[in-house]
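Since the structure comes first, as structure tokens, the remarks are kept for the end.
The values are calculated or read from the model by the stated rules, or taken from the named source; none is laboratory data. Everything numeric in this text was worked out from a predicted model, so none of it was measured. Cβ atoms come from the backbone with ideal geometry, glycine included; neighbour counts cover every protein chain shown.
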Amino acid sequence: MKNKFLIFRNISLGVIGGFMIASCQKESVEEVSLSTEQENVITSFDTNNIKGEYIVALKKSTISLDTRIKTILSTSDIDAFKLISKFENIFQGFAVKNITEAELARLREDRNIDYIAPNRAYQGNSEQSIPHTVFPNLPNTKRTGIDPHRGQLPLQNIDHTPTSATSWGITSIGGSRDGRGKVAWIIDSGILDTPELNIDRRRSRNFHPGNGGPENWQDGPTLHGTKVAGVLAAKDNGIGTTGIAAGATVVSVRISDASSNSNDLIYLRGIEYVTKHAKRGDVWNFSNGFRGHYRSKTFNDAFKKLAGVTYGAVAAGNFDEDVFLRSPTNEYIDGIKVVGAHDNTLEPSGFSNFGVKVSLWAPGENIPCIYIADRGGYFIDDGTSFAAPYVAGMMLILGGDAPTAGQINKNGRWAGIAHW
């Protein structure tokens, strides 16, 4: 491509809301088992409980959810108008607002309730795009590694020739494949309505009230979700970049506002929606993570249900810490790949989280995510946010599998390198 273009680059955490923040602050974490007590969510310094708002998970029952909620509210002498959400798919439960201490105490006494968690808000900050003028490509190096499932595998058969439409990340993994007719759910900041993507506008939804109604599913100023979608599914049309599952249909599930703020309830509404409407063979991507150390039974339960419907990828996070410190990466969940980031020399990114729960590593530095003509050109980004959709795209093509060739070690923890 001979035309002049701009490339925008910024470091992303794989995080939204209290999630897209570049600092890596440390604090002590209490080791708490995520049991089925009524309140069992670990609080971190960067979250704020929304006064009077609670998420209530119910014990299993054959009685209808509506009947159970009505009975519980009545027994606890809580007005029905305080009910703000119901959950039927990620768990049986509901959310309430404007709850007094007396009402909360009565809810805690109800034996039909499994646990109660406060709704926590996250204050984020918008990413800044920095003009950049270099299109990266993978150096012509050869590496060999050991993958426990596939044995000794040389990595010399990768085409390292840079083109205007192919990023080093695509060539590192082994090229893009045709994703047309397949569906990827992007649980993120929204997706810009751009011709570079096949967007399912009918099923796309906004879940953050600060953005307006459910029809306002398009991305905010960070374009975080748009870049994630581009890595996964940008069209193979000779313009700009090509996604790993080129041309796949993407569904926008918007869970943060224009300033990257969100809360537990909004996240859970988005996950509930995908759990209800996705089908086996679709894939989902969750490039979000908590800034502070935050492990939540509520979130882990939700992701177990989502993964039970269909498989997906979760960004490991960008704090150079063990993924054990945050949900849902603190727990092995069948059907979920936790993805760390590596650079173009197949070394682990310094910012990438690590640990035994990391499933594999994928390209996550200087990633040309998507070309947006009316925004000036290519958008390049760093972060596990953009490693995860490579793996999600592989899973979409291969029915949940994400093969590897060679391994990466960070802090004594080994995992395979994404490659097909």
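One table, with the values for the structure above:
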| read-out | value |
| --- | --- |
| Condition met for TYR390 (under 29 Å from GLY181 (Cβ atoms), of a type outside the set (A, V, I, L, M, F, W, C) and in contact with a Pro (Cβ under 8 Å, 6 or more places away or on another chain)) | yes |
| The one condition in (1) over 16 Å from GLY230 (Cα atoms); (2) of a type outside the set (Lys, Arg); (3) surrounded by fewer than 24 Cβ atoms within 10 Å (Cβ to Cβ) that ALA402 fails to fulfil | (3) |
| Test: PRO328 is over 18 Å from ALA418 (Cα atoms) and crowded, with 22+ Cβ neighbours inside 10 Å | yes |
| In segment 200-219, the residues that are surrounded by 14 or more Cβ atoms within 10 Å (Cβ to Cβ), part of a loop (DSSP other than H, G, I, E, B) and of a type in the set (D, E, K, R) | ASP200, ARG203, ASP219 |
| Hits in segment 302-324 (condition: part of a helix (DSSP H, G or I) and surrounded by fewer than 22 Cβ atoms within 10 Å (Cβ to Cβ)) | LYS304, LYS305, ALA307, GLY308, VAL309, PHE324 |
| In segment 329-340, the residues that are closer than 17 Å to ARG291 by Cβ and in contact (Cβ under 8 Å) with a residue 40 or more places away in the chain | THR329 |
| Test for ALA278: is it over 21 Å from LEU192 (Cβ atoms), assigned by TED's automatic domain parsing to the domain that holds SER385 and at pLDDT 95 or above | yes |
| Check on THR345, of a type in the set (Val, Ile, Thr), within 14 Å of ALA388 (Cα to Cα) and not in a strand (DSSP E or B) | no |
| Residue match in segment 229-245 (condition: of a type in the set (A, V, I, L, M), touching a Lys or Arg at 6+ places or on another chain (Cβ under 8 Å) and modelled with pLDDT of 95 or more) | yes |
| Lone qualifier among ALA316, ALA246, ALA302 - being among the aliphatic types (A, V, I, L, M) and farther than 29 Å from TYR371 by Cα | ALA302 |
| Whichever residue in segment 246-275 is modelled with pLDDT of 95 or more and among the polar types (S, T, N, Q) and, among such residues, is nearest to GLY181 (Cα to Cα) | THR249 |
| Matching residues in segment 275-292 - criterion: being charged (D, E, K, R) and assigned to a loop (DSSP other than H, G, I, E, B) | LYS279, ARG291 |
| Pair list, Cβ < 7 Å and 6+ apart or interchain, from segment 214-241 residues that are at positive phi to residues that are buried (at least 24 other Cβ atoms within 10 Å of the Cβ) and hydrophobic (A, V, I, L, M, F, W, C) | LEU223/PHE379; GLY240/ALA234; GLY240/ILE370 |
| Options ASP382, ASP374; residue that is at pLDDT below 95 and either among the small types (Gly, Ala, Ser) or out of contact with any Phe, Trp or Tyr (no Cβ under 8 Å at 6 or more places or on another chain) (or both) | ASP374 |
| Subset of segment 87-104 [surrounded by fewer than 17 Cβ atoms within 10 Å (Cβ to Cβ) and free of Cβ contacts under 8 Å to residues at least 40 places away in the same chain] | GLU101, ALA102 |
| Counted residues, segment 242-268 - those being buried (at least 21 other Cβ atoms within 10 Å of the Cβ) and not in a loop (DSSP other than H, G, I, E, B) | 14 |
